[in-house]
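Report on the structure given below.
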Amino acid sequence: MASGAGRWALGDLTVDRVGFGAMRLPQRGAAFAPGAVPGDRGEAIAVLRRAVELGVDHVDTAGFYFSSTRSANELINTALSPYPDGLVIATKVGPRRDASGGWLPQATPGELRGQVEENLRQLGRDHLDLVNLRLSGMDSIADHFGALAELRDAGLIRHLGVSNVRPEHLAQAQAIAPVVCVQNSYGLGHRPQQDGLVRACGEQGVAFVPFFAIAGAGREAGVSGAEPDEVLAVARAHEASPAQIRLAWALHRGPHVLVIPGTGDLGHLADNVAAGSLRLTADDLARLEAVHQGYLG
C-alpha cells in the first residue's frame, strides 16, 4: 500500500509519500511528443481507480497534460469523481499549449486566473487543493506568484507551491505567501546540484516533490541507457526492479520528499507503490550515492 513510506503534511493536508503523476495518461509513449498516439481511455481510468484502491491520496496533474483526444484532468474527473475524502489533487499553471499541442509563451500573471478556472472546470472542483507555479526562464516570480496568492485569498486555491525553481525563487515566493512544496526535476544521478535545495526544503518543512525520479535525464521519454551496475546490484539484493530502487532512493533523501511516479500500466503502478516499503541499508545508500555524485547532468 502507498502508506509504506509514511506521510507528510502539505499545509493542513496530509498525504502518503508515494503519489501518482498523471502526465503519461493521455498518450502512449513519451509525453508531449509530436503526433503522440492517445492512450486507451479505459486503461487510464482503471489505473487511476486502482491507484486510489492502493492508498494513493496525492495525484499530480496539469491542464496542459493532454493529447489530441485525452486530457489528464478529464480522466481524473471521470475516474475518481465524486472524489473520496482525503484525496489531494495538485495541479500546475504557467505553461501553455495550443489545441494542436504546440507550446506557447508562459502565461502572464493576468492569465493565471483563467488557467486556474479551467483546471477547476476540468476537474469538477470548486477549489484546487494545491497549485504549483511552473516556471520557465524567469528571474523574478513575484508578479506571477502574487497573482496566485490573490486567488488563494479568494478561496479558489487552498495551498501554493512552485516548480522548476532555483533557491532564490522559493525565497521570493515565501515573501508573498506560504509555500508547501517545491516540485523540481531530480533523481538518482540526475541533477545532483539540487541536493542543497532538497536539504533546505527539509529544514524549512517544505515538501520536495521530484518529477522524473525514475526517468532522470530521459525526462518525458522515460528511462534511457543501461542502468549502472550499482543500481542493478542493489535491485537484486532487494528482489526489486531498478525503477523501484530509484524511487526508494528518492524517498530516503528525507521524510519531506514525496514521489509522484506516473504510468499507464497496472503492473507498473503496483510496483511503484510497493517501492515505498523498500528499506535501503546504509551500504545500499553509500553505493547509490557514488552513482548519484558521479553524474553531473
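Of all the residues in the range 244-297, those that are assigned to a helix (DSSP H, G or I) and without any contact (Cβ under 8 Å) to a residue 60 or more places away in the chain number 14. Pairs are defined by a Cβ separation below 7 Å, a sequence spacing of at least 6 or placement on different chains, a first member in the range 22-34 that is in contact (Cβ under 8 Å) with a residue 40 or more places away in the chain and within 10 Å of Gly264 (Cα to Cα), and a second member that is aromatic (Phe, Trp, Tyr) and part of a loop (DSSP other than H, G, I, E, B); the pairs so defined are Ala22/Tyr65; Met23/Tyr65; Pro26/Tyr65.
Per this entry, Ala215 is not counted among residues that are under 27 Å from Asp12 (Cβ atoms), of a type in the set (Gly, Ala, Ser) and either touching a helix residue (DSSP H, G or I) at 6+ places or on another chain (Cβ under 9 Å) or at pLDDT 95 or above (or both). What do you reckon, is Ala226 surrounded by fewer than 20 Cβ atoms within 10 Å (Cβ to Cβ), modelled with pLDDT under 95 and not in a helix (DSSP H, G or I)? Criteria met by Ala226.
Among the residues of the range 241-262, those identified as surrounded by fewer than 20 Cβ atoms within 10 Å (Cβ to Cβ) and in contact with a Phe, Trp or Tyr (Cβ under 9 Å, 6 or more places away or on another chain) are Gly254, Pro255.
Can you tell which of Val56, Val131 is part of a strand (DSSP E or B), within 15 Å of the chain's Cα centre (by Cα), surrounded by 15 or more Cβ atoms within 10 Å (Cβ to Cβ) and touching a residue at least 12 places away in the same chain (Cβ under 8 Å)? Walk me through how you get there before you give the answer.
Details: Val56 fails: part of a strand (DSSP E or B).
After applying the criteria, what remains is Val131.
The values are calculated or read from the model by the stated rules, or taken from the named source; none is laboratory data. The structure displayed is predicted, hence computed values, not measured ones. Glycine also receives a Cβ, built like all others from the backbone with ideal geometry; neighbour counts cover every protein chain displayed.
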